[in-house]
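Student: Below is the structure I would like to discuss, written out as structure tokens.
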Amino acid sequence: MSPVLQANNLAVSRQGVEVFGSLTFAVPAGQVSAIVGANGSGKTTFLEATLGLLPFQGELQVLGQVPPQANRKIGYVSQGVDHYRTEFLRVRDLLTINQRSNTFDHDDEAFNLGVNTIKFHLDDRMSELSMGQAQKAAIVGALAGRPQVLFLDEPFSGLDPKSSTEIIELLGRLNQEQQLSIFIVTHDIHKLEPILSSVLRFEDHRATYYPDLTEALHDEGHHA
């Protein structure tokens with residue numbers, strides 16, 4: 001099976017300054033991978049290159065295609081949910097943004113799994129939801145496009161432990177039951193340990209890929 005995400009001697013710069021370079025890795029399909037590193041280390045820059053929003057040097061492929069060719073097969077939730085929490089946007093509106101019609105695809109198991117975890121009404125205003133509810137709605141909205149891979153940028157930021165746990169459980173089920181490949185930008189890989197397969201760490205203008213979670217957790221202790 002082809003890797004879901006792979007790079008060969010990948011380098012990305014902003015305004016002529018290299019953010020990271022010499023990145024080579026291949027992530028098998030069906031894994032949950034954490035993307036970690038300090039603020040400004042290149043995590044979000046990497047996501048933007050993966051989505052085709054930034055130019056890059058070297059080779060980068062998502063689902064066997066060069067960015068942004070695979071974007072229709074990608075679900076993406078950006079950092080923070082405040083931009084979703086407007087009085088004009090209903091939960092139902094958010095869930096249909098990525099669909100080709102104004103009706104839900106009731107045959108899509110991943111989408112239905114996500115919808116069934118939402119403990120509020122589809123006609124509720126996003127502005128009336130808690131941070132945790134809004135984040136779950138954003139994730140389910142990303143599933144509406146029936147993606148093969150899901151990218152989440154800091155999905156636990158500002159959430160209480162209960163909401164974080166509920167989202168982790170949902171992501172774990174999506175991975176185990178639907179074989180959805182998931183990449184999560186986070187500062188804490190330990191909370192993801194029950195569902196995590198691999199880690200991509202950014203540090204000092206370089207990035208290291210850990211296909212083995214045990215090695216990544218051991219190395220995490222040296223960075224704590």
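The values are calculated or read from the model by the stated rules, or taken from the named source; none is laboratory data. This structure is a prediction, so every number in the text was calculated from the model and none was measured. Neighbour counts run over all protein chains shown; Cβ positions are idealised from the backbone, glycine included.
Student: Got a number for residues in region 73-106 being of a type in the set (D, E, K, R), modelled with pLDDT under 85, more than 24 Å from E169 (Cβ to Cβ) and not in a helix (DSSP H, G or I)?
Tutor: Qualifying residue count, region 73-106: 2.
Student: Keeping to region 17-51, report how many residues are among the β-branched types (V, I, T), closer than 21 Å to Q65 by Cβ and buried (at least 22 other Cβ atoms within 10 Å of the Cβ). Steps first, please.
Tutor: In the first step, residues of region 17-51 are kept if they are among the β-branched types (V, I, T); the result is 17, 19, 24, 27, 32, 35-36, 44-45, 50.
Then keep just the ones that are closer than 21 Å to Q65 by Cβ; that gives 24, 27, 35, 45, 50.
The next check asks that each one be buried (at least 22 other Cβ atoms within 10 Å of the Cβ); those that pass are 35, 50.
Selection size over region 17-51: 2.
Student: For region 155-180, enumerate the residues that are crowded, with 19+ Cβ neighbours inside 10 Å and either among the β-branched types (V, I, T) or within 14 Å of V77 (Cα to Cα) (or both).
Tutor: Those that are crowded, with 19+ Cβ neighbours inside 10 Å and either among the β-branched types (V, I, T) or within 14 Å of V77 (Cα to Cα) (or both): P155, F156, I167, I168, L171.
Student: Hey, among the residues in region 107-156 that are at pLDDT 85 or above and touching a His at 6+ places or on another chain (Cβ under 9 Å), which one's nearest to L51 (Cα to Cα)?
Tutor: Per the stated criteria, the residue is E154.
Student: Would you pick out the residues in region 163-194 that are assigned to a loop (DSSP other than H, G, I, E, B) and closer than 14 Å to E109 by Cα? Spell out how you get there, then give the answer.
Tutor: Let us first name the residues in region 163-194 that are assigned to a loop (DSSP other than H, G, I, E, B), namely 179-180, 186-194.
Those that are assigned to a loop (DSSP other than H, G, I, E, B) and closer than 14 Å to E109 by Cα: Q179, L180.
Student: Can I ask one more? Collect the residues in region 70-87 that are surrounded by fewer than 19 Cβ atoms within 10 Å (Cβ to Cβ) and either touching a Gly at 6+ places or on another chain (Cβ under 8 Å) or touching a residue at least 24 places away in the same chain (Cβ under 8 Å) (or both), keeping them in residue-number order.
Tutor: Step one: list which residues in region 70-87 are surrounded by fewer than 19 Cβ atoms within 10 Å (Cβ to Cβ), which gives 71-73, 78-80, 82-83, 86-87.
Those that are surrounded by fewer than 19 Cβ atoms within 10 Å (Cβ to Cβ) and either touching a Gly at 6+ places or on another chain (Cβ under 8 Å) or touching a residue at least 24 places away in the same chain (Cβ under 8 Å) (or both): N71, R72, K73, S78, Q79, G80, T86, E87.
Student: Further question: Looking only at residues that are of a type in the set (D, E) and surrounded by 13 or more Cβ atoms within 10 Å (Cβ to Cβ) in region 188-214, which one is nearest to G30 (Cα to Cα)? Before you say what the answer is, go through the steps one by one.
Tutor: Step one: of region 188-214, the residues of a type in the set (D, E) are 188, 193, 203-204, 212.
Okay, now just the ones that are also surrounded by 13 or more Cβ atoms within 10 Å (Cβ to Cβ), so 193, 203.
Details: E193: 16, E203: 26 Å.
Top of the filtered list is E193.
Student: So, in region 56-69, of the ones that are without any contact (Cβ under 8 Å) to a residue 40 or more places away in the chain and part of a loop (DSSP other than H, G, I, E, B), which residue ends up surrounded by the most Cβ atoms within 10 Å (Cβ to Cβ)?
Tutor: The selected residue is P67.
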